[in-house]
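The values are calculated or read from the model by the stated rules, or taken from the named source; none is laboratory data. Since we're looking at a predicted model, the values are computed, not measured. Neighbour counts run over all protein chains shown; Cβ positions are idealised from the backbone, glycine included. Quick note on the areas: whole protein, heavy atoms, side chains included, nothing else; ligands and nucleic acids left out. Shrake-Rupley method; radii C 1.70, N 1.55, O 1.52, S 1.80 Å.
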Amino acid sequence: QVQLVESGGGLVQAGGSLRLACVASGRTGSVYSMGWFRQAPGKERTFVADITWTNRRTLYGDSAKGRFTISRDNAKNTVYLQMSSLKPEDTAVYYCAAKTTPSVNYPYWGQGTQVTVSS
């Protein structure tokens, strides 16, 4: 099992920045990649970014390209999401996720951290 705990959310003005962190514990040696998703009230959960654990290959959703950067620190078992130029449309609960294979399925999820961007 892999446990994930997110932190770093909060209230920020439009145009501002936040850095989210997700610390993994448990069987972290089995992790293939970790990623970020977000879900606004009444909306479906959408993909934000993903990074592979060993070779740090990254993928970004359309909403994140050019503004968000995903990174990882293997020694700390932590993945980060640096968010810049935030917009009110970025307001959502941000979830950290992990998978142990290249499958599209993410079996492990954190509890989420709220990001609110004011206009």
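So the values come out like this:
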{"item": "Count of segment 8-37 residues which are closer than 18 Å to residue 78 by Cα and either open to solvent by less than 60 Å² (accessible area, probe 1.4 Å) or of a type in the set (D, E, K, R) (or both)", "result": "19"}
{"item": "Tabulated pairs, segment 9-20, first closer than 19 Å to residue 71 by Cβ, second crowded, with 17+ Cβ neighbours inside 10 Å and among the charged types (D, E, K, R), C-beta under 8 angstrom, 6+ apart or interchain", "result": "20/6"}
{"item": "Residue, nearest to the chain's Cα centre (by Cα), within segment 38-47, restricted to residues that are charged (D, E, K, R) and surrounded by 14 or more Cβ atoms within 10 Å (Cβ to Cβ)", "result": "38"}
{"item": "Residues of segment 34-72 classified as within 16 Å of residue 91 (Cα to Cα) and part of a loop (DSSP other than H, G, I, E, B), total", "result": "11"}
{"item": "Long-range neighbours under 6 Å by Cβ, at least six apart or interchain, first residue hydroxyl-bearing (Ser, Thr, Tyr) within segment 59-73, second part of a strand (DSSP E or B) and open to solvent by 60 Å² or more (accessible area, probe 1.4 Å)", "result": "69/82"}
{"item": "Members of segment 84-119 found to be crowded, with 20+ Cβ neighbours inside 10 Å, among the charged types (D, E, K, R) and not in a strand (DSSP E or B), listed by number", "result": "90"}
{"item": "Test result for residue 69, surrounded by 14 or more Cβ atoms within 10 Å (Cβ to Cβ) and either modelled with pLDDT under 95 or closer than 17 Å to residue 97 by Cα (or both)", "result": "yes"}
